[in-house]
1. Stretch residue 39-residue 88 to full length: gain in nm at 0.36 nm per residue minus the Cα-Cα span?
2. Going by a ≥ b ≥ c, the root eigenvalues of the Cα gyration tensor, does segment 61-114 fall in the rounded group (a/c under 1.5), the prolate group (a/b larger than b/c) or the oblate group?
3. What number of lysine-lysine pairs in the chain show an alpha-carbon separation below 26 angstrom, given a sequence spacing of 8 or more or placement on distinct chains?
4. From the square roots a ≥ b ≥ c of the eigenvalues of the alpha-carbon gyration tensor of segment 37-142, which class results: rounded (a/c under 1.5), prolate (a/b over b/c), or oblate?
5. Given the rule -39500 (n - 2.57) for each run of at least 4 DSSP H residues, summed and divided by the residues of the chain, what is its mean residue ellipticity at 222 nm, to the nearest 500 deg cm²/dmol?
6. Test of understanding: in a Gaussian network model of the chain with alpha carbons linked when under 10 Å, which of 68, 22, 47 would top the mean-square fluctuation ranking?
7. Calculate the dipole size of the chain relative to its Cα centre from +1 charges on Lys and Arg beta carbons and -1 charges on Asp and Glu beta carbons; express the result in debye to the nearest 20.
8. For a protection proxy built on the mean count of beta-carbon atoms within 10 angstrom, sort 86-94, 127-135 highest first, please.
Amino acid sequence: MSETPLRSKPASSTQVEKSESEWRQVLTPMQYAVLREKATERPFSGEYEHESRPGTYVCAGCGETLFESDAKFDSGCGWPSFTAPAEDGHVAEARDTTHGMIRTEVLCAKCNGHLGHVFEDGPAPTGLRYCINSAALKLQPK
């Protein structure tokens, strides 16, 4: 993948760096494939696609706060969708030119884990749709 940072905001805290072996020890095979190898879950197969409990979605790799449930909406795309990150600087963006498309990849700013992509076809107030793999997330219910 051709990765060119689009937004370079500082991460909220110290960067998490682990060897690939260490990542494999703490992540499930699907989490590893998504977060470390930039895989994508099959649409409509993820744990949080239809989740409606209030809470905070954190990175499955490092625990960084990523999205709040009040920003979640049903976009019908097959993956959990959010209108905005929970905190500035907690997600990073990079240009993704794989699969013959130009897209904006969304990454955890703390561990550089692949989360999904962001598109400019979301609802108000942001007009953005953060399309995120469930395997990249853990819900902390309120």
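Just so you know, all these numbers are worked out from the coordinates, no wet-lab data involved. Computed from a prediction, not measured in an experiment: that's the story for all the values here. Cβ: placed from backbone, ideal geometry, glycine included. Neighbour counts: every protein chain shown.
1. Values: separation 49, 0.36 × 49 = 17.64 nm, distance 2.49 nm.
Gain in length upon complete extension: 15.1 nm.
2. Numbers: a/c = 2.11, a/b = 1.13, b/c = 1.86.
Oblate, since a/c reaches 1.5 and b/c is not below a/b.
3. Going through the chain pair by pair, I get 16.
4. Working: a/c = 1.31, a/b = 1.18, b/c = 1.11.
It comes out rounded by the Cα gyration axes.
5. Working: 2 runs with 16 residues, N = 142.
That calculation yields -3000 deg cm²/dmol at 222 nm.
6. Result: 22 has the largest fluctuation of those listed.
7. Values: 15 positive and 20 negative charges, 30 e Å.
That gives a dipole near 140 debye.
8. On the way: 86-94: 18.7, 127-135: 22.6.
The packing order, highest mean first, is 127-135, 86-94.
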